[in-house]
Amino acid sequence: MAQSRIRAAYQPIVTLTPPRTMVGEEALVRLVTTEGAVIPAGAFIAAAHTAGLVPALDEVVLTETLARCVAWTGPPRLYFINVSTALLTAPDRLDALIRAVVPGGRCRTDDPYLRSVVFEITERELLSDLAAVRKALNPLLDAGVRLALDDFGSGYSSFLYLADLPVSFLKIEQALIRRLGRDRRVTVMVAAVTRMAADLGITVIAEGIESARVAREVRALGIPWGQGYYFGRPGWG
């Protein structure tokens, strides 16, 4: 898998209260075939895990996104980047990647560019070794990088993660979001999580919003930010 065929596509994250504003974007890994076709992560990420290539994918996406952050001259914007435990627990490599892209950037320096970066970690990654992940994150957090817990509700959803990690953003699994307004139990659960996150000072982001109906349901629960095809598909621009 040649690195030149790996690209980062970017999907907007927006506020849900008028006037709707783009506040950030998530970097999503894509594979571009030799014929130019774009293949989403779901079609190849399992094979990449099996082959041990996920850290290499992370490096490409991280490098591209940091460069995009440095080049941006518009209104403030957050850059959400999925990072595997394998890369997080290789601090020297991570530090080298940041140094290579960010002017003066390093994991132990408070840098204005790094304050625009949000690392997304899934519950699956945290299950491997929460203590090791927290130790690896400390220098990044000191540098200004923020943390998002991704796909909340797709696994064990242990509240210990919220208690033990300085999470700034909570991204609710899209399978739950799509059931809002049609499944009372799910609606009650998501509403409770949203209230709890607000009390903890955590910003909730609803994933997978694909229709005006779902956008209305999400907004009615007080979820402040959203992401999904309804607002924009991942792209290069």
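The values are calculated or read from the model by the stated rules, or taken from the named source; none is laboratory data. Here the structure is a predicted model, which is why all the values come from computation and not from measurement. All Cβ positions, even for glycine, are placed from backbone atoms using ideal geometry, and neighbour counts span all protein chains on display.
Quick grid of which residues meet (1) in a helix (DSSP H, G or I); (2) surrounded by fewer than 16 Cβ atoms within 10 Å (Cβ to Cβ):
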position: LEU31; (1), (2): no, no
position: THR34; (1), (2): no, yes
position: ALA46; (1), (2): yes, yes
position: LEU66; (1), (2): yes, no
For the stretch 48-64, name all the residues that are crowded, with 18+ Cβ neighbours inside 10 Å and either outside any helix (DSSP H, G or I) or of a type in the set (Asp, Glu) (or both). ASP58, GLU59, GLU64
Give all pairs with beta carbons closer than 9 Å in which a residue from the stretch 146-161 that is within 17 Å of ALA131 (Cβ to Cβ) and modelled with pLDDT of 85 or more meets a residue that is aromatic (Phe, Trp, Tyr) and assigned to a strand (DSSP E or B); count only pairs at least 6 apart in sequence or on separate chains. LEU147/PHE119; LEU147/PHE169; LEU149/PHE169
Any residue at all in the stretch 11-22 that's over 20 Å from ALA206 (Cβ atoms) and hydroxyl-bearing (Ser, Thr, Tyr)? no
Tell me, which residue of the stretch 68-100 that is surrounded by 14 or more Cβ atoms within 10 Å (Cβ to Cβ) and polar (S, T, N, Q) is nearest to LEU149 (Cα to Cα)? ASN82
When you scan the stretch 145-231 for strands (runs of 3 or more DSSP E) that lie fully inside it, which ones turn up with 1 or more residues that are of a type in the set (Gly, Ala, Ser) and within 27 Å of LEU66 (Cβ to Cβ)? 146-152, 203-206, 225-227
Among the residues in the stretch 170-190, are any in contact with a helix residue (DSSP H, G or I) (Cβ under 8 Å, 6 or more places away or on another chain), free of Cβ contacts under 8 Å to residues at least 24 places away in the same chain and surrounded by 19 or more Cβ atoms within 10 Å (Cβ to Cβ)? yes
